[in-house]
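Let me give you the structure first, and then I'll get to my questions.
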Amino acid sequence: MKEPDLKKIRKSMEKKLDHKRFEHTLGVAYTAASLAMCHGADINNALIAGMLHDCAKCLTNEKRISICEKYNIVMNEAEQKNPFLLHAKVGSFLAIEKYGVTDKDVINAILNHTTGRPGMSTLEKIIWLADYIEPGRKQAPHLAEIRKSAFEDLDKALLMALEDTLEYLQAGKMEIDSMTQKTYDYYRNGGK
Ligand code: DGI
Ligand code: FE
Ligand code: FE
């Protein structure tokens, strides 16, 4: 695949992902496109990043780790303990190598879609939030409020969703990736 082609990527995702994950992926891609329309971001980039964001989600942890080892992708402590977190890093690698993505913003949106990062671009925020609010998501608290906010004030929606994510991770005594914490701290301080 030379140029990233949405139709081809969609076909490939249908093969690589299980049914539920593929449905989620379509939800993220079209929610991201709607958010891009609303906030003046590039619609095609939103579709491509949304369609690819979980491209490494249905690999085994062994496969994700072996890709990191083979291509010298550095794993942090949280990723070593919870290799599912690697699906973002490995996904951005596959986006470049396998699906021909060259746009840095699209690559970063895939790379940072799980933990976020301080100083995210509009597209990165859109993908992070689309992943959280797509119509197939049913579990998270405050979903209706966060969904509405996402179309009014990206940073406000982001902060609410980050807060709930941290609470969820703490309640479940899950390992918090230092980047998830840094992202939350950054947006809680007004994005500075
Ligand atoms: O891949 P998805 O399920 O669509 O969504 P995702 O890539 O945002 O992953 C969601 C899960 O990741 C969700 O259960 C929260 C979790 N997560 C986010 N930040 C962290 C984290 N899990 C751990 N252990 N540590 C984190 O810092
Ligand atoms: Fe994901
Ligand atoms: Fe996802």
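Say we look at segment 69-100 and pick out the residues that are farther than 18 Å from Q181 by Cα and among the polar types (S, T, N, Q); which of these is surrounded by the fewest Cβ atoms within 10 Å (Cβ to Cβ)?
Selected residue: N72.
Same structure, new question: Tally time: how many residues in segment 37-58 are touching a residue at least 40 places away in the same chain (Cβ under 8 Å) and in a helix (DSSP H, G or I)?
10
Among the candidates S121, S149, which residue alone is away from ligand 2 (no atom under 16 Å from the Cβ), among the hydroxyl-bearing types (S, T, Y), closer than 16 Å to A36 by Cα and open to solvent by less than 20 Å² (accessible area, probe 1.4 Å)?
Being away from ligand 2 (no atom under 16 Å from the Cβ), among the hydroxyl-bearing types (S, T, Y), closer than 16 Å to A36 by Cα and open to solvent by less than 20 Å² (accessible area, probe 1.4 Å) holds for just one of S121, S149, which is S149.
Something else about it: Mind telling me which of the residues A56, A32, A46, A41 ends up being open to solvent by 20 Å² or more (accessible area, probe 1.4 Å) and touching a helix residue (DSSP H, G or I) at 6+ places or on another chain (Cβ under 8 Å)?
Going through A56, A32, A46, A41 in turn, the sole match is A41.
Further, regarding this structure: Output the residues belonging to segment 2-29 that are in contact (Cβ under 8 Å) with a residue 60 or more places away in the chain, touching a helix residue (DSSP H, G or I) at 6+ places or on another chain (Cβ under 6 Å) and open to solvent by 10 Å² or more (accessible area, probe 1.4 Å).
Selection gives P4 alone.
Yes/no matrix, rows are residues, columns are (1) within 16 Å of ligand 3 (Cβ to nearest atom); (2) hydroxyl-bearing (S, T, Y); (3) out of contact with any Gly (no Cβ under 6 Å at 6 or more places or on another chain); (4) within 27 Å of N44 (Cα to Cα):
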{"residue": "G100", "(1), (2), (3), (4)": "no, no, yes, yes"}
{"residue": "A140", "(1), (2), (3), (4)": "yes, no, yes, no"}
{"residue": "K148", "(1), (2), (3), (4)": "no, no, yes, yes"}
{"residue": "A157", "(1), (2), (3), (4)": "no, no, yes, yes"}
{"residue": "Y184", "(1), (2), (3), (4)": "no, yes, yes, no"}
{"residue": "Y187", "(1), (2), (3), (4)": "no, yes, yes, yes"}
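Can I ask one more? I'd like the full set of residues that are open to solvent by 10 Å² or more (accessible area, probe 1.4 Å) and either in a helix (DSSP H, G or I) or within 16 Å of ligand 3 (Cβ to nearest atom) (or both), limited to segment 59-68.
Going residue by residue through segment 59-68, those that are open to solvent by 10 Å² or more (accessible area, probe 1.4 Å) are 59-67.
Selection gives L59, N61, E62, K63, R64, I65, S66, I67.
The values are calculated or read from the model by the stated rules, or taken from the named source; none is laboratory data. Note that the coordinates shown come from a computational prediction; the quantities given were computed from them, not determined experimentally. Positions of Cβ are backbone-derived with ideal geometry, glycine not excepted, and every protein chain shown enters the neighbour counts. Ligands, DNA and RNA are stripped out before the accessible areas are found, and what is left, the full protein with its side chains, is counted by its heavy atoms. Shrake-Rupley method; radii C 1.70, N 1.55, O 1.52, S 1.80 Å.
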